[in-house]
Amino acid sequence: MRIATWNVNGLRARLDYITRWLEDRQPDVVGLQELKTPDELFPHDYFKELGYEALVHGQKSWNGVAILTKVPATLTGTGVANQDAFGSRLITANIDDKVSFTTVYCPNGKNLEHADFAGKLGWYDDLTQQWQLLSDGPAHRIICGDFNIVPKAIDGWRGEAGEGSIFYTAEERSRLQTLMDTGLTDLFRHKYPYAQEFSWWDYRGGAFHRKHGLRIDFILATSGLIDLTEEIVIDRDYRRKIDDLTASDHAPVYADIAL
DNA sequence: ATGTCCTAACTATTAGGA
């Protein structure tokens, strides 16, 4: 089973680009973030023609997450408890009764002085609490998405020079670590302990070509899935322009798991 | 380097992104 995560930066503006990627990579399950699309405008029929059912937790203008799936799936939850003010950022489904699949769009935080920074930390606290409380359903669980945190210096182009700035703070990293301490493994970092690969590059200033990126999009999985993971790829070719189609500022990330 | 770029929105300028 090929599972994936992708912050598409506007689903409707990205529809043709997303189609190219789906046809080329043929993922079975995809967590999408930053739909910027209200539920009533989600193109269910379009994805159905491509072979995907869509489970959607959207909103007007901003945020929004969805799960595309080729295999039978059941929606089991949306949203982080007590965090409605941050918008639509989490959706969970049981995939074929084999794995619980969650995708998240974690808050950005803006800057260290902004109220959203403290809010980001609180959002993570509530996410972890909710994650721990979820006890029924499949034992295999995946949470993937745009986490908006650089886990280690190697995961950002600025390296050690970035330490302490937003995305690189000890406060943010401790929140991510607390979530991981519930029994989650970063599949990319586990398979490639020393690789420097990025999943996001700023649109501005030629950041992609200057290799000024961050690795902030992860697939986190429970321990039973580690040995079942055959490959994990940050698909950076799909951060490039295709013909006249503009890419998202995030690359897709996918894993092939023997489920 | 608060320069740059992209999206959505009460279509023109602004907010948000990371």
- Query: Does region A:66-82 contain any residue that is within 14 Å of DNA strand B (Cβ to nearest atom) and out of contact with any helix residue (DSSP H, G or I) (no Cβ under 6 Å at 6 or more places or on another chain)?
  - Reply: yes
- Message: Here are the criteria: (1) free of Cβ contacts under 8 Å to residues at least 24 places away in the same chain; (2) touching a Leu at 6+ places or on another chain (Cβ under 6 Å). Tell me which single one A:L133 does not satisfy.
- Response: (2)
- Going through region A:3-28 in order, the residues found to be in contact with a Phe, Trp or Tyr (Cβ under 6 Å, 6 or more places away or on another chain) and outside any helix (DSSP H, G or I) are A:A4, A:P27
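Condition check ((1) surrounded by fewer than 21 Cβ atoms within 10 Å (Cβ to Cβ); (2) away from DNA strand B (no atom under 11 Å from the Cβ); (3) of a type in the set (S, T, Y)) across all residues:
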{"position": "A:A4", "(1), (2), (3)": "no, yes, no"}
{"position": "A:R14", "(1), (2), (3)": "no, no, no"}
{"position": "A:Y17", "(1), (2), (3)": "yes, no, yes"}
{"position": "A:R25", "(1), (2), (3)": "yes, yes, no"}
{"position": "A:G31", "(1), (2), (3)": "no, yes, no"}
{"position": "A:K36", "(1), (2), (3)": "yes, no, no"}
{"position": "A:L41", "(1), (2), (3)": "yes, no, no"}
{"position": "A:E49", "(1), (2), (3)": "yes, yes, no"}
{"position": "A:H57", "(1), (2), (3)": "no, yes, no"}
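Results for (1) surrounded by 14 or more Cβ atoms within 10 Å (Cβ to Cβ); (2) within 15 Å of the chain's Cα centre (by Cα); (3) within 15 Å of DNA strand B (Cβ to nearest atom); (4) of a type in the set (D, E), shown as yes or no for each residue.
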| site | (1), (2), (3), (4) |
| --- | --- |
| A:H140 | yes, no, no, no |
| A:W157 | yes, no, yes, no |
| A:A161 | no, no, yes, no |
| A:Y192 | no, no, no, no |
| A:A195 | no, no, no, no |
| A:G206 | no, no, yes, no |
- Within region A:109-129, is even one residue within 16 Å of DNA strand B (Cβ to nearest atom), among the hydrophobic types (A, V, I, L, M, F, W, C) and in contact with a strand residue (DSSP E or B) (Cβ under 6 Å, 6 or more places away or on another chain)? no
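Every read-out reported here was derived from the displayed coordinates using simple, explicitly stated rules and does not represent laboratory data. Remember, predicted model here, so these are calculated numbers, not experimental data. All Cβ positions, even for glycine, are placed from backbone atoms using ideal geometry, and neighbour counts span all protein chains on display.
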